[in-house]
Each structure stands twice: as C-alpha cells, then as structure tokens.
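Undergrad: Please read through the structure below; I'll follow up with questions.
The values are calculated or read from the model by the stated rules, or taken from the named source; none is laboratory data. Predicted model only: the values in this text are computed from it and were never measured. Because the Cβ atoms are built from the backbone with ideal geometry, glycine has one as well, and the counts that use them run over all protein chains shown.
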Amino acid sequence: MKIISIGPSYPYRGGLASFNDRLTQQFSAEGHEVEIFTFKLQYPKLLFPGETQYTDGPQPNDIKITRNINSINPFNWIATGLKIKKEKPDILLIRFWLPFMGPCFGTIARVAKSNGHTIVLCIFDNVIPHEKRPGDIILTKYFTNSIDGAIVMSQTVLNDLTAFRKNIPVKLSPHPLFDNYGLPVGRKEAVAALNLDADASYLLFFGFIRAYKGLDLLIEAFSDKRLRSRKLKLIIAGEFYEDDSLYKDLIKKHNLENDVIFFDHFIKDNEVPLFFSIADLVVQPYKTATQSGVTQIAYYFENPMLVTDVGGLREIVQDGKCGYVVKPEPELITEAIIDFFDNDRKEQFIKGVKQEKDKFSWDKMTAAIIEVYEKCKTQTPLL
C-alpha cells in the first residue's frame, strides 16, 4: 500500500520522532511505500519549553521525509491537504499527542480524504493531555471528527477516545519496543563513559522532566533513612521542561547532594545505552500517565522497572514479574526499592522482562494499523 505518515521526524528530536521513524522502517520492510510529512515549523519558539526542538544526529538514510507542515498556518494546512489528496495514499496515518495540533491535523485530514480514496487513521498517544489547557476539548473534537479509525496504546487512551468518537474502528496495540538506540554496553564501559562509581548501585529516572512525571515523589522516597545506609545513587537523566528549583530544593532539604546525579540535558540517541546499561532499576513515579516510551526502552535493554499504578503503565509492567507497580506515594516507592535490593530481585525480574518483551514487536503495531484500515473499508467497528 501507499502510506503517508504525519508527525515529528528528522530533524526533530525525541520519542515521537524516533517512534515514527522506526514505524516507517517497519512498513518499508513489509513492502509498503511510505513517506513521512513532518514539520517546517512544529512549535513556535515561545511555546516550546526545552532548549531546542532539533536533533544534531544524522538523517536516517532509509526513510523518505518531506518537511512541509506549518502547525500555525491555515493556508499551509490546506495546501498540505491538497498535496496529499492528489497523491492518493491508501492510508494517511497521523500521530496525535496534543490538542494544539488538532486544527492543523484535522484540516489536513479533511482535505486529503476528500479524494474519496484515502482513509485517515490516527495513532493516539493522548486524547486528554497530561497538562490541561482551555480549549483542549474543542480542539481535540475538531481533530477526532476528521478521522476514520484509530490505534491506541493503552486502555486509558481508549476510554478517553470513546468520549469523543464511538462510531469508528479502534484497536488497542501496545507501544512497541524502542530497539533503535543500539546495543547494550558493558557496565564497566558505561561507568567509565559517565564517570560514575563502579561500586555503587543505580536507580534511573529517564526522560524530560515535567510535574506529572512525579520526580518529586521519587526524591522524597529516595530520602528515606533506610536507603541512606546503602551505596545507592539516583541518576536523573533528562532535560527540565519546567523550573528545576522544586527538585533541587528537595535534594538540598534532604541532604542528598552526594547521592543524586544530574545529567540535566537532552540525552542523545547514542548516549541512551549508557544509562540503561548501568541502571539496576528504572523508576517511573508518574502521577498521571497514558503509556510511556521509557518502559519500552527499558524492555529493550532488559531492565527491571518500578512504575506507579496510573494510566496504562500497569498494563505494560507485570507486577512481581518485571518489577513493581505501586501507588504514587513516596512510602510505597521506598518499600519497593528496599525489597528490590534486600531480596536481590534483579535477576528474577530480568528473566520476567525477557519473557514479556516479545509482546511489543513492531510488526504487531503495523498489523494493528492494517486491521483498522481493512475495517474502515468495510465500515466495521472493532470495538
């Protein structure tokens, strides 16, 4: 089939772009003709909380990428829709994660499918955003009314979507493994590259930092006196998308300056294996969640995980097999960390992670997309 995918891709950085690039590679490997339409302008600079939207890595040489979307220019939306309409792809596959993109994507979709051939599908990261803003419902409704079918990656997102659309085929397919960051490296090599203590154990909090990700809960949990007698360090690896003073003040309050190690910048793709190769336990203390790419990096590198019982995280991490699922409370996070080290759970959980990771292959995601496409052609709901 001919597929055009809309969403972040090179030269944009981050998990959304990595996902879209990897999905395109999978479709190509299966014999489909695929092209990504990405942004000329993704976010106005004033609206972007990080240092830069762009990667300094190389362009993937096996993916066709066209930069032609301006997220704030309605004339561009119409022109892009007309271009796609003329090309007549079988599938227009849109990645939706933020209501801000609703007018842009919704307009492109409406124009493109007016050719009577193209079916518009969406992969939803979120329907309801983590951080709510005025107008979210109106913008999301405008977009969801433009699509013919959807793929969601957690039950939470499925439930949210049904509040907007109940008359389209929808398939739940978990977020695939992020297997595009290279191979694990030896612990000795990772310790040397990151200039860390080879004799210490490490908790890893990974990814950009926003309030809903609960880093404050983890710092409170880590301050427990029962953990202070151990040679245990907390690595915080990721760029702050908000003021860092809350977290650094907490660290100072609990005298944790020597035990918390910051890599407070965007972690490049070639650095990712270093952090996951040294982590004894990957901790995601989220206050709200849908699904997370961090869990799928951890699965790929075969790391035990501690996640909180919010959103779709409980669906992905099997409690007691791959790690822990606890309520988002510091005391419960502490107890899980203590159990992990006191009872030497690492090898047990690694075994469980290896058994579970095969559930998250990329061919399952492409199969889900094709299934929804076929149901759209016959107008048969899946759910």
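Undergrad: Assuming Gln291 fulfils every condition listed in (1) assigned to a loop (DSSP other than H, G, I, E, B); (2) at pLDDT 95 or above apart from one, which condition is it?
TA: (2)
Undergrad: Are there helices (runs of 4 or more DSSP H) fully within the range 301-383 with at least 3 residues that are over 12 Å from Gln284 (Cα atoms)? List them.
TA: 330-342, 346-356, 362-378
Undergrad: Out of the residues in the range 275-288 meeting the condition of being in a loop (DSSP other than H, G, I, E, B) and hydroxyl-bearing (Ser, Thr, Tyr), tell me which one is modelled with the highest pLDDT.
TA: Ranking the candidates gives Tyr286 first.
Undergrad: Taking the options Ile4, Ile78, Ile84, Ile63, name whichever one is in a strand (DSSP E or B) and in contact (Cβ under 8 Å) with a residue 24 or more places away in the chain.
TA: The match here is Ile4.
Undergrad: Here's a follow-up. Out of Ala289, Ala298, Ala221, I need the residue that is buried (at least 22 other Cβ atoms within 10 Å of the Cβ) and under 22 Å from Leu194 (Cβ atoms). Which one?
TA: Of the residues listed, the single one that is buried (at least 22 other Cβ atoms within 10 Å of the Cβ) and under 22 Å from Leu194 (Cβ atoms) is Ala298.
Undergrad: Please go through the range 150-175 and pick out each residue that is free of Cβ contacts under 8 Å to residues at least 60 places away in the same chain and assigned to a loop (DSSP other than H, G, I, E, B).
TA: Passing the criteria: Ala163, Phe164, Arg165, Lys166.
Undergrad: Can you tell me which condition Lys88 does not meet? The list is (1) surrounded by fewer than 16 Cβ atoms within 10 Å (Cβ to Cβ); (2) of a type in the set (Lys, Arg); (3) at negative phi, and all the others hold.
TA: The failed condition is (3).
Undergrad: Against the definition (touching a Leu at 6+ places or on another chain (Cβ under 7 Å) and within 27 Å of Val157 (Cβ to Cβ)), how does Arg95 come out, yes or no? Quick ask: steps written out before the conclusion?
TA: On the way: touching a Leu at 6+ places or on another chain (Cβ under 7 Å): yes; within 27 Å of Val157 (Cβ to Cβ): yes.
Considered against the rule, which asks whether it is touching a Leu at 6+ places or on another chain (Cβ under 7 Å) and within 27 Å of Val157 (Cβ to Cβ), Arg95 comes out as yes.
Undergrad: Something else now. It is to be established whether one or more residues within the range 330-348 are charged (D, E, K, R), at pLDDT below 95 and surrounded by 15 or more Cβ atoms within 10 Å (Cβ to Cβ).
TA: No, that holds for no residue.
Undergrad: If a residue has to be among the hydroxyl-bearing types (Ser, Thr, Tyr) and under 17 Å from Leu121 (Cβ atoms) to count, how many in the range 10-52 make the cut?
TA: Filtering the range 10-52 for residues among the hydroxyl-bearing types (Ser, Thr, Tyr) gives 10, 12, 18, 24, 28, 38, 43, 52.
Checking the rest, the ones that are also under 17 Å from Leu121 (Cβ atoms) come to 24.
Going through the range 10-52 one residue at a time, the tally reaches 1.
Undergrad: Restricting to the range 89-139, and then to whatever is among the acidic types (Asp, Glu), within 19 Å of Leu16 (Cβ to Cβ) and not in a helix (DSSP H, G or I), can you tell me which residue is farthest from the chain's Cα centre (by Cα)?
TA: Glu131
Undergrad: When residues of the range 340-366 are filtered for being within 26 Å of the chain's Cα centre (by Cα) and touching a residue at least 12 places away in the same chain (Cβ under 8 Å), how many remain?
TA: Selection size over the range 340-366: 18.
Undergrad: Residue check, Leu246 against (1) modelled with pLDDT of 95 or more; (2) touching an Asp or Glu at 6+ places or on another chain (Cβ under 7 Å); (3) aliphatic (A, V, I, L, M), all met but one. Which one?
TA: If we test Leu246 against (1) modelled with pLDDT of 95 or more; (2) touching an Asp or Glu at 6+ places or on another chain (Cβ under 7 Å); (3) aliphatic (A, V, I, L, M), just (1) comes out false.
Undergrad: For the range 7-46, which positions are of a type in the set (S, T, N, Q), crowded, with 21+ Cβ neighbours inside 10 Å and part of a helix (DSSP H, G or I)?
TA: Result: Ser18, Asn20, Thr24.
Undergrad: Take the range 257-274 and flag every residue that is within 29 Å of Gln296 (Cα to Cα) and in a loop (DSSP other than H, G, I, E, B).
TA: If the condition is that a residue be within 29 Å of Gln296 (Cα to Cα) and in a loop (DSSP other than H, G, I, E, B), then Asp259, Asp264, His265, Phe266, Ile267, Lys268 are the ones that fit.
Undergrad: Could you figure out which of (1) in contact with a strand residue (DSSP E or B) (Cβ under 7 Å, 6 or more places away or on another chain); (2) aromatic (Phe, Trp, Tyr); (3) not in a helix (DSSP H, G or I) isn't true of Phe178?
TA: Just one mismatch for Phe178, condition (1).
Undergrad: Okay, next question. Just to check your reading of the model, which residue among Leu313, Leu306 is in the same structural domain as Ala221 (by TED's automatic domain parsing), surrounded by 21 or more Cβ atoms within 10 Å (Cβ to Cβ) and modelled with pLDDT under 95?
TA: Answer to the selection: Leu313.
Undergrad: Further, regarding this structure: State whether the residues of the range 354-372 include one that is in contact with a helix residue (DSSP H, G or I) (Cβ under 9 Å, 6 or more places away or on another chain), among the polar types (S, T, N, Q) and more than 21 Å from Tyr181 (Cβ to Cβ).
TA: No, the conditions are met nowhere in the range 354-372.
Undergrad: So how many residues does the range 188-199 have that are surrounded by fewer than 16 Cβ atoms within 10 Å (Cβ to Cβ) and either in the same structural domain as Asp21 (by TED's automatic domain parsing) or on the phi < 0 side of the Ramachandran plot (or both)?
TA: The qualifying residues number 7.
Undergrad: Testing Ile128 on (1) of a type in the set (A, V, I, L, M, F, W, C); (2) modelled with pLDDT of 95 or more; (3) more than 18 Å from Val372 (Cα to Cα), one condition comes back false. Which one is that?
TA: Every listed condition holds for Ile128 apart from (2).
Undergrad: I've got another one for you. For the subset of the range 140-149 comprising residues that are in a helix (DSSP H, G or I) and not hydroxyl-bearing (Ser, Thr, Tyr), which member is surrounded by the fewest Cβ atoms within 10 Å (Cβ to Cβ)?
TA: Lys141
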